[in-house]
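In what follows, a structure is listed as structure tokens, so that the remarks can point back to it.
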Amino acid sequence: MTRRTLTIAICTSAVWLPLLVVAARGQQPQGDPKATEVWEPVPKIVTPGKTASDAPSDAIVLFDGKNLDQWVSVKDGSSPAQWTVDSKDGFFTVKKGTGNIQTKRSFTDYQLHIEWRIPTDITGKDQARGNSGVFLASVGTGDAGYELQVLDCYDNKTYVNGQTASIYKQSIPLANACRKPGEWQTYDVIWTAPRFNDDGSLKSPARVTVFHNGVLVQNNYELKGVTQYIGQPTYKKHGPAPIKLQDHGDPSPAISFRNIWVREL
């Protein structure tokens, strides 16, 4: 070993040896830990539900199993919405031909929990098999808005950007997590609404994260605009908006919903 190499080795040892001794003795590094402690603002206390599906203490319950008082008809604004409620078993079913329904309240950013069920006797194929949708923001009559697709894709082939848990015709789900017809399914959604400049131009796009039956299927996806059956998605300035459920109109037996709640973020 040359004198230069020996000098470097000794200097290196001189630097690292004390640190190794400190680590070996379990000693903390020098400095004031309070310099990096944050004490405010204190997060609010939220009492969780007994299960992950139960509404926490700060949730707005949109369907409690008894009535549709929190919902109106999109066609004429009548309340309560006229879909069929089974208050004994705590769910409601699309009433074919009555049209879409939406919440009385409008929302911006939120966490949504909703459960839905394809009937056991489902018929049809492709898009005509238990078709409905959860519009995460309704921005007009009919199907105007941002749709999270509801469909029976347990054993049903369709275009992948229109299958269950797709952001309709925009984002293919990361997985097919469908349960069999007759079994209840869940969507847990984190929705960040789009923001607009004063002149109506887009400031920031909408984003969505979705879990289907506990499986991540949309991972902070940035929407390209409202979902369209025909044509390309576009944005048009809007503010807080209702959540809408779709009466699709296909001839298959109607689907059901239950246990719907939302937390404003």
### Query
Among the residues of the range 147-165, which ones are part of a loop (DSSP other than H, G, I, E, B) and of a type in the set (A, V, I, L, M)?
Leu151, Ala165
### Task
For the range 74-106, name all the residues that are within 21 Å of the chain's Cα centre (by Cα) and over 16 Å from Gly130 (Cα atoms).
Phe91, Ile101, Gln102, Thr103, Lys104, Arg105, Ser106
### Message
Taking the condition of being surrounded by 16 or more Cβ atoms within 10 Å (Cβ to Cβ) and on the phi > 0 side of the Ramachandran plot, how many residues in the range 50-88 meet it?
### Response
1
### Task
Could you run through the range 234-265 and say how many residues are touching a Gly at 6+ places or on another chain (Cβ under 6 Å), buried (at least 16 other Cβ atoms within 10 Å of the Cβ) and over 30 Å from Lys180 (Cβ atoms)?
1
#### Entry: Of residues in the range 63-83 being in contact (Cβ under 8 Å) with a residue 24 or more places away in the chain and among the hydroxyl-bearing types (Ser, Thr, Tyr), the one farthest from Glu115 (Cα to Cα)
Ser79
### Query
Does Val15 satisfy the condition of being over 30 Å from the mean Cα position of the chain (by Cα), modelled with pLDDT under 50, surrounded by 10 or more Cβ atoms within 10 Å (Cβ to Cβ) and not in a loop (DSSP other than H, G, I, E, B)?
no
### Query
Residue check: is Thr103 among the hydroxyl-bearing types (Ser, Thr, Tyr), modelled with pLDDT of 95 or more and surrounded by fewer than 19 Cβ atoms within 10 Å (Cβ to Cβ)?
no
### Summary
Among the residues of the range 107-128, the number that are over 12 Å from Ile255 (Cβ atoms), surrounded by fewer than 15 Cβ atoms within 10 Å (Cβ to Cβ) and of a type in the set (S, T, N, Q) is 1
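The values are calculated or read from the model by the stated rules, or taken from the named source; none is laboratory data. Computed from a predicted model, the values in this text were never measured in an experiment. Note that each Cβ is placed from the backbone with ideal geometry, even for glycine, and that neighbours are counted across all protein chains shown.
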